[in-house]
Amino acid sequence: MKNIAQSNYSSALETVRNLKAKYGHTWNTIQPESAARMITQNRFKTGLDIAKYTAAIMREDMVAYDADSSNYTQSLGCWHGFVAQQKMIAVKKHHKTTNKRYLYLSGWMVAALRSEFGPLPDQSMHEKTAVPNLIAEIYAFLRQADAVELNDLFKRLENGEDIQDQIDNYETHIVPIIADIDAGFGNEEATYLLTKKMIEAGACAIQIENQVSDAKQCGHQDGKVTVPHEDFIAKLNAIRYAFLELGIDDGIIVARTDSEGAGLTQKLPVSIEPGDLASQYLAFVEAEEIAICDAREDDVLLKRDGRLVRPVRLPNGLYKFKEGSNIDRVVLDCITSLQNGADLLWIETPTPNVKQIAHMVNRVREVEPKAKLVYNNSPSFNWTLNFRNQVFEDMLAEGKNMTAYDKNNLMDARYDGSELCLRADDKIRTFQKDGAKEAGIFHHLITLPTYHTSALHMDDLTKGYFGEDGMLAYVKDVQRQEIRKNVSCVKHQRMAGSDLGDDHKTFFAGEKALKAGGQNNTSNQFEAKLNRVETKKTLSIVA
């Protein structure tokens, strides 16, 4: 990820000094060094600043991927600003850079966890304002992570440490966010208005799907209803106009097709001339040939290849697509989206199979050679079972004796140490790398990881805390692990901004400031504990 410019602090310092000279004695109590620190610690003043910065990063990453598929990008879905903050702090700690690591905002998690209606299914029933609000919240927490870490660095510099280079080359926690707008929450004007709010909150990439907005379903559930290409193109245009209006010239549009699993359409588009998009869409609709005398009152009829046909219409008024047409519809959706302003594609698939994904993408690339995917490494997939099934078929094809395995029960724990299991786990481990290389996947994400980790960790803690372990369950499995692993929020007062606030109070009130970080602050226990841990490590090395 890009670094904060080295001139930022010195430029801010010069600006404040000039202002102080301009306004004279009324600014006597303003310290230019303190103001410059605060300006540096809050580089991004608005969401639009973030959107411009992160859009440029994504564009650079897309070019790098086109040159070398090993340059794929990744993200995890986050449903709260704190979750996003801790993720990016951990990325910097463990991987030393945020380069090619993004954030994902899942409409599913907004519906399930952030709606005022309470937990909802992924059917666009949550408040549309919840989406931009979450984007703004996420970036508020990431900007705070910058401020807290930079504040610590400036304090260390004041105490005589030689860390000017770390300040000059500081890497921000701000990274691109791919934000889910579902099917646009209404018509194209509604899509445009919501897109503007999302961009103003900081989103540089908007993901939109080709389902009917008022009948939207999760991509991994049944009952999906797609819209004609003309309707979807209008929404792609709405998003682009919103980006342009707000000055984000290189904003990214991710066009998602749900056609692989969708068998229904709500509308029959109007064809103007043979072979146009509407005509191609209509060709996928299932229909039966009839004579005009057999037509019922108020029937909908089409002329197809010189014959009169009646589209198959369900009692709810929806029309059916032909069986087996789904992949062809996916390919046409993708090509059409790329030819009408989309930058990246998203194909919802029934299983995580690199060969199947590659089959579709390669067909798209015959027409659009630079087609790239954002791919959902979804928790809706049973990854263990899917890959054990794939490896089972591979081993059969290799002529191996598979009688030791029950094909209908490959999830059984007794297979966990088997050759099949080890090979399947290895395919899972390399899935993202393989998908990037063989199936055009530029960005891998997990939509709902923190939904599941929250539930899993609470299950573990609850079992022990309300059982015989009592408080030990928390201390042993949470706090002690935070200390051992140097997790930032173990000192939760600091992470929430207490130390930062103390410094600000000092800037504002000087020696009169009432600060929280004194001798009686219990967070000091963690400072002492961490120091003792480091001391023990040093003594061990010396010994």
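The values are calculated or read from the model by the stated rules, or taken from the named source; none is laboratory data. Computed from a predicted structure; not experimentally measured. Glycine gets a Cβ as well: all are built from the backbone with ideal geometry, and neighbour counts include every protein chain shown. These accessible areas exclude ligands, DNA and RNA; they are computed on the full protein's heavy atoms, side chains included. Shrake-Rupley method; radii C 1.70, N 1.55, O 1.52, S 1.80 Å.
A few remarks follow.
- Which listed residue is among the small types (Gly, Ala, Ser), touching a helix residue (DSSP H, G or I) at 6+ places or on another chain (Cβ under 9 Å) and surrounded by fewer than 21 Cβ atoms within 10 Å (Cβ to Cβ), from ALA179, ALA201, ALA190: ALA190
- Identity of the residue in the range 76-125, part of a loop (DSSP other than H, G, I, E, B) and hydroxyl-bearing (Ser, Thr, Tyr), that ends up farthest from GLY186 (Cα to Cα): THR97
- When residues in the range 309-326 are screened for being hydrophobic (A, V, I, L, M, F, W, C), out of contact with any Gly (no Cβ under 9 Å at 6 or more places or on another chain) and surrounded by 15 or more Cβ atoms within 10 Å (Cβ to Cβ), 2 of them pass.
- Only listed residue being out of contact with any Pro (no Cβ under 9 Å at 6 or more places or on another chain) and at pLDDT below 95, chosen from GLN74, GLN31: GLN31
- Of all the residues in the range 485-513, those that are of a type in the set (S, T, N, Q) and open to solvent by 40 Å² or more (accessible area, probe 1.4 Å) number 3.
- Scan the range 73-131 for residues that are within 22 Å of ASP182 (Cα to Cα) and free of Cβ contacts under 8 Å to residues at least 24 places away in the same chain and the total you get is 11.
- Candidates are the residues of the range 13-72 that are loosely packed, with under 13 Cβ neighbours inside 10 Å, in a helix (DSSP H, G or I) and polar (S, T, N, Q); the one that is farthest from the chain's Cα centre (by Cα) is THR26.
- Of the listed requirements (1) under 21 Å from ALA136 (Cβ atoms); (2) open to solvent by 10 Å² or more (accessible area, probe 1.4 Å); (3) of a type in the set (S, T, N, Q), THR172 misses just one: (2).
- Scope the range 338-391; condition within 26 Å of LYS235 (Cα to Cα), of a type in the set (S, T, N, Q) and in contact with a His (Cβ under 7 Å, 6 or more places away or on another chain); matching residues: ASN377, SER378
- Take the conditions (1) under 30 Å from LYS370 (Cβ atoms); (2) acidic (Asp, Glu); (3) free of Cβ contacts under 8 Å to residues at least 60 places away in the same chain; ASP66 misses just one of them, which is (3).
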